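Working notes, structure below.
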Amino acid sequence: MDSTSVIEAIGYAASLLVVVSLSMTSILRLRLIGLVGSLTFLVYAVAIEAYPIAITNVVIASIHGWYLWRLLHRHEAFTVLHVAPTSKYLEYFCEFHRDEIHRFQPGWSYSPRSDQISAFVLRDLVPAGLFIAVPRNDDTLEVLLDFAIPQYRDFKLGRFVHSPRSGILRDISASRAVARAGSTAHTKYLERMGYRKIGGEGSDARYERSLK
């Protein structure tokens with residue numbers, strides 16, 4: 001591959017990265033991929049000596065970098081809001097986000113149970129996530145739903161939910177939590193949160209995490 005072809009490939013890659021960044025629902029991913037795209041465009045612009053384009057992408061990269069720094073360093077307030085299983089808002093939330101929930105847990109539907117834990121996770125008072133679980137008789141908590149809306153899928157919610165400071169599981173005597181994989185994306189999330197596989201395959205795989 002000659003140098004001209006390499007430069008063209010860099011240009012196409014930069015264009016692709018910019019397009020992909022604009023398709024992101026997560027602000028963090030949009031900024032991160034946008035930053036990489038603008039830096040790649042900067043390399044391309046310098047290679048073809050298009051200095052106005054290079055200057056533009058220096059500015060764009062700086063903007064992305066600034067907002068990324070703010071996203072990663074700003075102080076956010078995380079709060080847990082417990083709601084009754086029969087809450088109308090809870091039912092509406094599940095229905096409104098049904099398609100997104102099914103991306104991670106296909107076929108899931110909300111069926112209220114009197115013994116369930118149902119809690120919204122508020123991020124700067126925005127209902128950014130929903131956690132639903134039920135205790136079982138064998139010292140186990142079964143997690144039915146651990147969901148974050150698209151704008152807040154940066155794992156901060158998950159880390160908060162599974163930390164002692166959330167208090168979601170404060171009054172639960174269970175020593176372990178179990179969850180079903182449902183999808184590849186949800187499997188990756190469970191593994192990121194410290195769950196380990198204990199059985200099953202594919203969407204029926206079961207995962208476990210210690211609560212002690």
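Taking amide H positions as placed in the peptide plane 1.01 Å from N, state which residues far from residue 117 in sequence (5 or more) or on other chains have amide H under 5 Å from it.
133, 134
Once you have a ≥ b ≥ c as the square roots of the Cα gyration tensor eigenvalues for the range 131-200, tell me rounded if a/c is under 1.5, and otherwise prolate or oblate according to whether a/b is larger than b/c.
Note, shape of the range 131-200 comes out oblate.
Expressed as a whole percent, how much of the Cα-Cα distance distribution for the range 41-141 exceeds 18 Å?
67 percent
Working from the alpha-carbon coordinates of the range 1-88, get Rg over Rh, Rh being the Kirkwood radius.
Dividing the radius of gyration by the Kirkwood radius yields 1.25.
Could you run the Karplus curve 6.51 cos²θ - 1.76 cosθ + 1.60 with θ = phi - 60° over the range 201-207 and give me ³J(HN,Hα) per residue in whole Hz, x for Gly and Pro?
With the stated coefficients, the range 201-207 comes to 9, x, 5, 9, 4, 10, 10 Hz.
Can you tell me the accessible area per residue over the range 138-212, all protein chains present, probe 1.4 angstrom, in square angstrom?
On a per-residue basis, the range 138-212 sits at 51 Å².
Ignoring everything except DSSP H segments at least 4 long, calculate the 222 nm mean residue ellipticity for the chain; use -39,500 (n - 2.57) per segment, divide by total residues, nearest 500.
The helix-only estimate for the chain comes to -14500 deg cm²/dmol at 222 nm.
Through the Karplus equation 6.51 cos²θ - 1.76 cosθ + 1.60, θ set to phi - 60°, convert the phi angles of the range 26-33 into ³J(HN,Hα) values in whole Hz; use x for Gly and Pro.
7, 4, 4, 5, 4, 5, 5, 5
Let a ≥ b ≥ c be the square roots of the eigenvalues of the Cα gyration tensor of the range 43-93; is it rounded (a/c under 1.5), or, if not, prolate (a/b larger than b/c) or oblate?
Prolate is the answer for the range 43-93, as a/c is 1.5 or above and a/b outweighs b/c.
What fraction, in whole percent, of alpha-carbon pairs in the chain exceed 22 Å separation?
59 percent
Choose one answer from 159, 113, 74: the residue with the largest mean-square fluctuation in a GNM of the chain with alpha-carbon springs under 10 Å.
Largest GNM mean-square fluctuation: 74.
Net charge within 13 Å of residue 192 by Cβ-Cβ distance, Lys/Arg positive one each and Asp/Glu negative one each, not counting residue 192 itself?
After counting each charged neighbour, the total is +3.
Just add up the charged neighbours of residue 145: K/R +1, D/E -1, any other residue whose Cβ is under 14 Å from the Cβ of residue 145.
Computed value for this residue: -1.
The values are calculated or read from the model by the stated rules, or taken from the named source; none is laboratory data. Because the structure is a prediction, the values reported are computed rather than measured. Neighbour counts are summed over all protein chains in view; Cβ atoms, including those assigned to glycine, are modelled from backbone coordinates with ideal geometry. Surface areas here come from the heavy atoms of the whole protein model, side chains and all, with no ligands, DNA or RNA. Shrake-Rupley method; radii C 1.70, N 1.55, O 1.52, S 1.80 Å.
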